[in-house]
Structure formats: structure tokens, C-alpha cells
Amino acid sequence: MLRYVIRRILMLIGIVFIISVGSFFLIHLLPGNITAVIEGPGASPENQAKLFKLLGLNRPIYEQYFVWIGNILHGNLGTSFISQTPVVTTIGNALPIDLEIMFLSQILAFAVAIPMAMRSARKPDGVIDRFFSAGSFTMLSVPSFIVIILLVLFVSIKLGIPHTGPSSYVSLRGDWIGNLESMALPAITLAVGSFVVYFRVLRSDLIATLQEEFITMARSKGLSQRRIMWRHAFRPSSVALLGAAGVNIGGLLAGGFVVQYLLNIPGLGYTLIAAINTDDYLLVQGIVLVVSVGVVLINFFFDFIINIVDPRISRE
Amino acid sequence: MLELEEMALVERPEKKKPLGPLFWLCVGWIALNIFGAIFANVLPLQNPLYQNYSAINVGPSLHHIFGTDDIGRDIFSRIVYGSRVSIAVGFGSMVIGFGIGAPLGMLAAYRRGRFDTILTTFMYILLAFPAIIATIAVLSFWTPRSVFKIILVIGLASVPLVYRVIRTATLSVATKDYVIAAKVQGAKDRRILMKELLPNIAPIGISFLLIGIATVIALEGTLAFLGLSVTTPTPSWGNMINESRTVLQQNPWLAIFPSLALCLFLLSLNFIGDRLRSHFDVTEVKL
């Protein structure tokens with residue numbers, strides 16, 4: 001186990017290094033002159049040359065990378081040329097919002113998917129299973145941007161529930177009920193995308209597990225259906241579920257971006273799109289770096305949990 | 001003796017369950033959409049860019065069967081033309097992804113050894129880099145955007161995933177007896193790869209391909225919402241749904257029809273992929 005964890009941590013460091021190189025060169029390899037982007041199209045060549053030197057762009061590229069990564073290790077992602085605020089401050093304000101949406105949506109998704117999968121797995125191909133499976137399959141084909149439009153149409157416009165429409169974000173520091181209201185639609189949208197995946201994965205694993213001998217054994221002991229499901233079948237069936245959750249949470253970021261963008265919720269996704277539209281390349285670079293590392297850490301975390309659930313994996 | 005043999009043949013394990021009418025309905029729907037996308041110029045459609053100011057936000061009628069949008073353009077012909085972008089991006093990027101990822105994955109799983117170790121480590125590191133963020137970041141600065149650039153970026157971003165799926169699938173086949181038998185007979189590597197391995201990983205490859213196309217088409221919609229897809233007025237399904245947001249209350253048709261077109265197309269692709277997978281009895285590759 002310890003050897004496995006150490007190997008994973010070494011790999012993690014390698015991956016983070018490659019991500020940092022990736023997000024650094026992402027900006028530098030693209031066509032176009034950064035100084036022209038910063039100073040606008042009408043900038044004089046002298047001013048451009050001045051800025052070029054000021055930014056240290058005349059130095060060799062590997063030297064630039066080491067200066068950049070050195071600054072990051074000191075918690076300095078640079079200061080935006082557009083808003084003159086440090087990138088770290090902007091990200092620090094936006095990140096908690098993403099974490100809150102992610103947290104709420106995942107709780108919601110698991111709370112719906114797990115009981116549904118258990119109900120389905122009890123009688124595979126029964127009426128309820130068919131209904132759930134067909135429903136989840138249909139949901140799989142509805143992208144998050146359509147879900148959010150439908151939700152806005154019904155919840156915000158038809159039902160008129162406050163704080164749910166676009167541009168009505170309420171900060172958690174203000175009143176928490178308003179905050180929950182404004183977080184409801186994004187959380188539900190992301191939960192819809194997640195629960196479909198979790199339901200399908202858990203259902204097929206549960207069906208397989210329920211055919212194992214130890215379940216027959218538990219049944220013959222006369223244990224209740226509920227106890228068999230939760231105590232005996234759930235844990236051995238949850239490895240693929242956790243793996244799917246790790247991948248899915250990373251993948252949700254894209255859907256999350258759209259939802260934030262459409263509802264003007266100032267999380268990382270909204271900030272990223274705003275930064276792209278204003279050519280605020282330092283902020284884009286910072287967000288790309290933070291989000292990528294975040295996704296890698298989430299995957300690492302889930303790998304770790306999977307190992308606790310099923311220790312055989314690390315012994316391979 | 002002959003009779004016995006014939007009986008044995010007859011009693012071979014049950015014939016595969018038919019794919020079902022719903023499967024063929026989905027195939028037909030996809031075919032119809034592709035046909036429309038290819039022949040949009042030839043078909044008797046109205047100009048998707050023509051703005052008819054005397055018919056603005058008109059509901060479905062005989063003249064405009066899906067109605068018109070907020071500047072009087074025919075929604076039906078915009079959907080048909082819009083499918084071109086979505087379908088081109090979906091298929092094009094998967095051609096790139098499979099064109100690079102699938103041969104590498106097969107070769108790595110067949111050859112094993114150092115080649116496999118290095119390539120797989122490399123791909124897994126790439127896989128850790130969230131492809132969607134990379135796609136958004138590259139497209140945001142690589143202007144002006146075109147269908148070709150979008151296809152290229154998404155296609156390259158999908159290579160590691162395709163590589164992993166195909167490699168895993170090939171690994172499970174490469175140690176089968178018939179592959180070893182072919183090797184013992186002295187078959188060339190190329191023959192084994194093409195004649196023994198390829199047909200056996202094709203089902204899982206195709207079903208993954210279809211689901212991949214569906215994912216990419218949804219992704220193109222996402223990019224359109226973020227303003228990172230093809231520039232307006234060129235219609236794409238994502239673009240159209242995005243534009244409909246501002247007039248959602250006056251003209252809901254503008255949101256409903258492109259959304260339906262997109263969802264039905266994705267549903268068909270997913271359904272075909274899923275059905276093929278269970279038909280060929282392939283256990284789900286753990287992604």
C-alpha cells in the first residue's frame with residue numbers, strides 16, 4: 001500500500017510538472033504577438049519593444065519558464081494587465097463558488113443514483129428497471145446547456161422562484177437561503193449529468209455482484225433485502241462507481257463553465273470565459289493551471305479511496 | 001456421421017438476438033441527417049442566411065415548417081445547414097482521434113515491451129491533463145476559429161482516450177489461442193494485426209466511436225455557448241440554441257427545434273453504440 005501511494009505521488013508530481021509546462025507554452029507557442037494583444041492593435045513598435053523587454057520575453061524561453069514556475073511556487077501567478085488585480089486574488093474569490101456547486105451537485109447525484117440503482121438491480125429487466133434505464137439513457141443524450149435552458153424556462157420564468165435566473169447570484173456571506181436558491185439550478189444541472197453515469201455504472205456492477213455466492217449465502221441466512229444491499233453488495237460494487245466519479249467530476253468542469261456563464265455566476269468558468277473575451281492571458285493561464293491541477297488531484301484522491309474500498313488493486 | 005455433424009452445427013450456441021426495429025430506426029435517422037448535411041445545397045431549402053423582415057418570429061407554418069427566427073431566417077433550413085458543422089466536427093475529430101490513437105493502441109498491445117511501456121506512460125500523462133480545458137484554452141487564443149481548427153484540436157485531444165480503449169481491447173484479444181496459433185504458423189505481424197486482431201476489436205471500437213462522436217457533438221454545442229465555435233452567422237446546432245436564449249420568451253420554437261435535432265441525433269448515436277456493444281456481448285471497458 002505504502003509503495004503504491006509513493007509511486008502514485010511520484011507520478012502525480014510528474015503530471016503536475018507536465019501540466020505546468022503545458023499551460024506555460026500554451027500561451028507562448030500560439031501564433032500572434034502577445035505585446036500587440038496587451039497593448040491593443042494600434043500600439044507603436046517602440047512601445048511593443050519596451051513591453052517585450054519588460055515582460056522578459058527577450059530572454060531564452062526555458063529561462064522564462066523557470067522564472068514563471070519560481071513565482072508560482074511562491075504563490076504568485078502574476079498580475080492581470082487588464083484589471084490590475086493579482087491573478088491569485090481573482091482565483092481565490094471564484095474557486096469557493098465552484099467547490100460549492102460541485103459539492104451540492106455530487107451529493108444530489110449520489111442521493112438519487114444509489115437508491116435507483118439498487119431498486120433496478122433487484123429485478124433486472126423488470127418494469128422499474130426498464131423505466132429507469134430508458135430514462136437515464138435519454139438523459140445521457142441531453143447536453144447540460146439544454147438542461148439549464150429548460151430549468152431557467154420553468155423554474156425561474158414560469159414558477160418565478162427568486163434568485164434562480166441569470167445574473168441573480170447571491171454570495172454565501174450574505175444570506176444563505178438566497179445563496180442556496182441561486183446555487184440550485186447549476187447544482188441540479190450538473191447533478192443530472194452525473195447521476196445518469198453513476199446509475200448506469202452502479203446498476204451493472206450490482207447486478208453482477210448479486211449473483212455471487214456470498215449474496216446467496218446472506219440470503220439463505222435470512223437477512224433482509226436492505227441489509228444485503230447496503231452491507232454486502234454495495235461495497236464490492238462501488239469500485240467502478242468511484243472510478244466513474246473521479247473521471248466525471250473532472251469532466252463536469254466543462255458543463256459547469258457553461259452553466260456559470262449562462263447564469264452569470266462568478267465562478268472559475270465564468271471568470272475564464274470573461275478572461276478569454278478580454279484577452280487577459282495571464283488570468284487564462286492561471287485558471288487553466290489551477291483547474292488542471294485540481295482535476296489531477298481529484299483523480300488522485302479517488303484512486304486513493306478506491307484502494308481503501310478494494311485493497312487488492314494496489315497489490316497488482 | 002454427416003448427420004451428426006450437421007446436428008452439431010444446428011445446435012451451436014443460440015443465434016444472436018436481432019438488433020430490433022428501434023436500432024434500425026436510429027440508423028435511419030443518422031443516415032437521414034448525414035444525407036441532409038451533405039446535400040443541403042442541392043435540396044430545395046431556403047437560404048439559411050436570408051433575412052426576411054416581413055416574417056419575423058413566425059411560428060411553424062406551411063411556408064416555414066419550423067417557423068422563422070428573430071431576424072426572419074428559416075429555422076428548418078438553418079437546422080439542416082447547421083447539422084453540417086455538428087456532423088463534420090463529430091466525425092472529423094473522431095477520424096483524427098482514431099486515425100492516430102487506434103493504430104498506436106493496437107501496436108502497443110501487440111508488441112508489448114519497452115515500446116508499449118513508454119507510449120502508455122506518455123498517453124496516461126496526457127490523459128491526466130483535462131482535455132476540455134486544453135481545448136477551451138487553445139481555441140480561445142487560436143483565432144480566427146474555423147471548423148477545421150476545431151476538428152483538429154478536439155481530434156488531437158481525444159487521441160489518448162482512444163489509445164487507452166483500443167489498447168485495452170487489443171490486450172484482451174492478443175493472448176487468445178487463435179492469435180498464438182497464427183503466430184506459430186508464421187503469419188506476418190501485419191496479417192495478424194489486420195486479420196486476427198482488427199475484426200475482433202472492431203465491435204468495441206465502433207461502439208466507442210459512435211459514443212465518441214455523440215460526445216464531441218455535445219462538446220461543439222458547449223463551445224458554441226462559450227463563443228468558441230464557428231462564428232455567426234454560420235449556423236450550427238449549438239450556435240442556434242445559444243442565439244435563441246435572448247428571445248426565449250417571444251419565440252420558444254427557436255430553442256426547441258435545434259435542441260430536438262441535437263438531442264435526437266445524440267440519442268440515436270448513443271443507442272446504436274450501446275446496442276452494438278451488448279449485441280457483440282462486449283463487457284464495458286472501464287473508462
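The values are calculated or read from the model by the stated rules, or taken from the named source; none is laboratory data. Here the structure is a predicted model, which is why all the values come from computation and not from measurement. We place every Cβ from the backbone using ideal geometry, glycine too, and count neighbours over all the protein chains shown. Note: accessible area is taken over every heavy atom of the protein model, side chains too, but ligands, DNA and RNA are not part of it. Shrake-Rupley method; radii C 1.70, N 1.55, O 1.52, S 1.80 Å.
So the values come out like this:
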| quantity | calculated |
| --- | --- |
| Matching residues in the stretch B:180-198 - criterion: being under 30 Å from the mean Cα position of the chain (by Cα) and open to solvent by less than 40 Å² (accessible area, probe 1.4 Å) | B:Ile192, B:Leu193, B:Leu197 |
| Positions within the stretch B:221-245 being over 16 Å from A:Ile146 (Cβ atoms) and within 12 Å of chain A (Cβ to nearest Cβ), in sequence order | B:Gly227, B:Leu228 |
| Number of the exception - A:Val155 against (1) out of contact with any Cys (no Cβ under 6 Å at 6 or more places or on another chain); (2) aliphatic (A, V, I, L, M); (3) outside any helix (DSSP H, G or I) | (3) |
| Every residue from the stretch A:158-191 that is in a helix (DSSP H, G or I) and of a type outside the set (A, V, I, L, M, F, W, C) | A:Lys158, A:Gly178, A:Asn179, A:Glu181, A:Ser182, A:Pro186, A:Thr189 |
| Residue satisfying all of: in the stretch B:262-287; more than 11 Å from chain A (Cβ to nearest Cβ) and at pLDDT 80 or above; surrounded by the fewest Cβ atoms within 10 Å (Cβ to Cβ) among these | B:Leu276 |
| Out of B:Phe76, B:Phe115, sole residue that is modelled with pLDDT of 85 or more and more than 30 Å from B:Val165 (Cα to Cα) | B:Phe76 |
| Unique match (being closer than 23 Å to A:Tyr270 by Cβ, under 14 Å from the mean Cα position of the chain (by Cα) and at the interface with another protein chain (Cβ under 10 Å from one of its Cβ atoms)) among B:Ala214, B:Ala218, B:Ala255 | B:Ala218 |
| Residue check, A:Gly251 at the interface with chain B (Cβ under 9 Å from one of its Cβ atoms), assigned to a helix (DSSP H, G or I), among the small types (Gly, Ala, Ser) and open to solvent by 20 Å² or more (accessible area, probe 1.4 Å) | yes |
| Criterion violated by A:Ser141 - all others in (1) open to solvent by 20 Å² or more (accessible area, probe 1.4 Å); (2) within 25 Å of the chain's Cα centre (by Cα); (3) under 30 Å from B:Ile213 (Cβ atoms); (4) within 14 Å of chain B (Cβ to nearest Cβ) satisfied | (1) |
| Top-ranked residue of the stretch B:92-105 - restricted to ones that are open to solvent by 20 Å² or more (accessible area, probe 1.4 Å) and of a type outside the set (Gly, Ala, Ser), ranked as farthest from B:Asn33 (Cα to Cα) | B:Leu104 |
| Residue count, the stretch A:263-314 (criterion: among the aromatic types (Phe, Trp, Tyr) and closer than 30 Å to A:Val5 by Cα) | 4 |
| Hits in the stretch B:114-139 - residues which are among the aromatic types (Phe, Trp, Tyr) and either within 14 Å of another protein chain (Cβ to nearest Cβ) or touching a residue at least 24 places away in the same chain (Cβ under 8 Å) (or both) | B:Phe122, B:Tyr124, B:Phe129 |
| Filtered residue count, the stretch A:109-132, keeping only those that are within 14 Å of chain B (Cβ to nearest Cβ) and either outside any helix (DSSP H, G or I) or crowded, with 19+ Cβ neighbours inside 10 Å (or both) | 2 |
| Qualifying helices (runs of 4 or more DSSP H) (wholly inside the stretch B:140-244; at least 2 residues being out of contact with any Cys (no Cβ under 8 Å at 6 or more places or on another chain), in contact (Cβ under 8 Å) with a residue 60 or more places away in the chain and more than 22 Å from A:Phe257 (Cβ to Cβ)) | B:147-174, B:198-225 |
| Residue in the stretch A:201-218 that is of a type outside the set (Lys, Arg), open to solvent by less than 50 Å² (accessible area, probe 1.4 Å), within 13 Å of another protein chain (Cβ to nearest Cβ) and in contact with a Leu (Cβ under 6 Å, 6 or more places away or on another chain) present | yes |
| Residue in the stretch A:146-161 that is farther than 22 Å from A:Asn248 by Cα, surrounded by 15 or more Cβ atoms within 10 Å (Cβ to Cβ), among the hydroxyl-bearing types (Ser, Thr, Tyr) and under 26 Å from the mean Cα position of the chain (by Cα) present | yes |
| Check on B:Val89, under 19 Å from B:Pro233 (Cα atoms), of a type in the set (A, V, I, L, M, F, W, C), open to solvent by less than 10 Å² (accessible area, probe 1.4 Å) and in a helix (DSSP H, G or I) | yes |
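Rundown of residues vs (1) over 19 Å from the mean Cα position of the chain (by Cα); (2) assigned to a helix (DSSP H, G or I); (3) farther than 22 Å from A:Leu95 by Cβ, yes/no style:
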| site | (1), (2), (3) |
| --- | --- |
| A:Trp230 | yes, yes, yes |
| A:Ala233 | yes, yes, yes |
| A:Gly243 | no, yes, yes |
| A:Val247 | no, yes, no |
| A:Tyr261 | no, yes, no |
| A:Leu272 | no, yes, no |
| A:Val284 | no, yes, no |
| A:Leu297 | no, yes, no |
